[in-house]
Amino acid sequence: MKIVITNDDGYKAKGIRVLKDIMDQFGEVTVVAPTEHQSGKSMAVDLGVMGLRYTDLGDNWGHFSGSPASCVKYALSVLCKDNLPDVVVSGINHGSNAAVASCYSGTLGAAEEAVLNFIPGIGVSLFDESQDADFSAVEKYFPDIFRKIMALDPASNGVFYNVNFPKLPADKIKGIKVCSMGLCRWVEEFVEDEDGSYHMRGRIVDYPENTPAPDHHSLLAGYITIVPHRVDNTDYKELENMRQAGFDCEF
C-alpha cells in the first residue's frame, strides 16, 4: 500500500511523526507536510503567486510551503504522479476537529482534497493541543480503525472520514462511536490584547438540532468518534423543496 501523510500543524509537529510510525506497518509512506503551521485553513489552496517551495528532507520526508490541501495537490501532481497513493491520512492533529471545527480544519481539508481525486482521505485528531501530547491511545486503536475504513472501499464512495480521540490514556477510553457531526457555534471569539491586537479563544454553544449523540458530545464522554463526511454537501431535501416551490423554469 502506498500512503501519503500530511497535517496542518507543520512538519515539525509530534503528531505527524507518531502517525508516520503508525502507518509504516501498512506500506510505503510519503510525508508532505506544510512548512509552517496551517490550522484553520480548511481546503484553502495556494495559487503560487509568490512561488511555492518543496524541501526534501530525505527518507520520503519533505515539507511544502503551502496549505494542507496544497500539500496533497503537490504530492499527487509531482511526487506521486506516476504511482498515486492508495490513501491520504492527515494528522495527527494537536487538538479536536469534532463538530463544526471540521468545517475550518486544515486536517480535514487535506482529507477532502484526496477524495476529490478519488483517493481515500482520513483525518485523525487528538483532543490535546499540547506540543508534547500523549498519542498512545491513537497508537493503540487507530490501526484497527484504519483497517476497517479501508475495508469499506472508500475510494468509490466520495466520503472522507473524521476520526477524533479524547484526551485520555488508552485504558480509560470507553469505546468507539460512529457519529453525526455536532452542530454548534463559537461565541465570545475575540480577546483583545494590551497592544490592541486580538487573538481567538471563545467557547461553543450547541444548536438545539443536534442528534442524540453528536461527535463532540461522545468525544467529551470518553469515546473515539468517527464521522463520515461527503464531498457532495448538497441538501437533497431542500433541492426537492425548491423544485416543488417552482424555482426551475425555462426562459
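The values are calculated or read from the model by the stated rules, or taken from the named source; none is laboratory data. Keep in mind the model is a prediction, meaning the values are calculated, not measured. Here Cβ is always computed from backbone atoms with ideal geometry, including for glycine, and neighbour counts include all displayed protein chains.
Is there a residue in segment 174-185 that is over 21 Å from the mean Cα position of the chain (by Cα), outside any strand (DSSP E or B) and touching a residue at least 40 places away in the same chain (Cβ under 8 Å)? Quick ask: steps written out before the conclusion?
Within segment 174-185, the subset over 21 Å from the mean Cα position of the chain (by Cα) is 174.
Checking the rest, the ones that are also outside any strand (DSSP E or B) come to 174.
With touching a residue at least 40 places away in the same chain (Cβ under 8 Å) added as a condition, the list becomes 174.
Yes, because at least one residue in segment 174-185 is over 21 Å from the mean Cα position of the chain (by Cα), outside any strand (DSSP E or B) and touching a residue at least 40 places away in the same chain (Cβ under 8 Å).
Given (1) touching a residue at least 60 places away in the same chain (Cβ under 8 Å); (2) buried (at least 24 other Cβ atoms within 10 Å of the Cβ); (3) under 12 Å from the mean Cα position of the chain (by Cα), where does ALA75 come up short, assuming only one miss?
(3)
Limited to segment 36-62, what total is found for residues that are in a loop (DSSP other than H, G, I, E, B) and over 23 Å from GLY95 (Cβ atoms)?
Of the residues in segment 36-62, the ones in a loop (DSSP other than H, G, I, E, B) are 36-53, 59-60.
If we keep only those that are over 23 Å from GLY95 (Cβ atoms) as well, we get 47-53, 59-60.
Residues flagged as in a loop (DSSP other than H, G, I, E, B) and over 23 Å from GLY95 (Cβ atoms) within segment 36-62 amount to 9.
So, of the residues in segment 20-38 that are farther than 16 Å from LEU57 by Cβ and buried (at least 21 other Cβ atoms within 10 Å of the Cβ), which turns out to be nearest to the chain's Cα centre (by Cα)?
Top of the filtered list is GLN38.
Could you list, in sequence order, all residues of segment 208-241 that are at pLDDT below 95 and among the aliphatic types (A, V, I, L, M)?
Passing the criteria: ALA213, VAL231.
Which one of the conditions (1) modelled with pLDDT of 95 or more; (2) β-branched (Val, Ile, Thr); (3) touching an Asp or Glu at 6+ places or on another chain (Cβ under 9 Å); (4) more than 17 Å from VAL89 (Cβ to Cβ) does VAL72 fail to meet, given that it meets all the rest?
(4)
Condition first: out of contact with any Lys or Arg (no Cβ under 8 Å at 6 or more places or on another chain) and either assigned to a strand (DSSP E or B) or surrounded by 15 or more Cβ atoms within 10 Å (Cβ to Cβ) (or both). Now tell me which residues in segment 191-214 satisfy that. If you could, list the steps in order and put the result at the bottom.
Filtering segment 191-214 down to residues out of contact with any Lys or Arg (no Cβ under 8 Å at 6 or more places or on another chain) leaves 192-203, 206, 208-212, 214.
If the condition is that a residue be out of contact with any Lys or Arg (no Cβ under 8 Å at 6 or more places or on another chain) and either assigned to a strand (DSSP E or B) or surrounded by 15 or more Cβ atoms within 10 Å (Cβ to Cβ) (or both), then GLU192, TYR198, HIS199, MET200, ARG203, ASP206, ASN210, PRO214 are the ones that fit.
Kindly indicate whether any position in segment 40-51 is acidic (Asp, Glu), under 28 Å from ASN233 (Cα atoms) and surrounded by fewer than 24 Cβ atoms within 10 Å (Cβ to Cβ). Lay out the reasoning, then the answer.
Within segment 40-51, the subset acidic (Asp, Glu) is 46.
Remaining after also requiring under 28 Å from ASN233 (Cα atoms): 46.
Pick out the ones that are also surrounded by fewer than 24 Cβ atoms within 10 Å (Cβ to Cβ) and you get 46.
Yes, some residue in segment 40-51 is acidic (Asp, Glu), under 28 Å from ASN233 (Cα atoms) and surrounded by fewer than 24 Cβ atoms within 10 Å (Cβ to Cβ).
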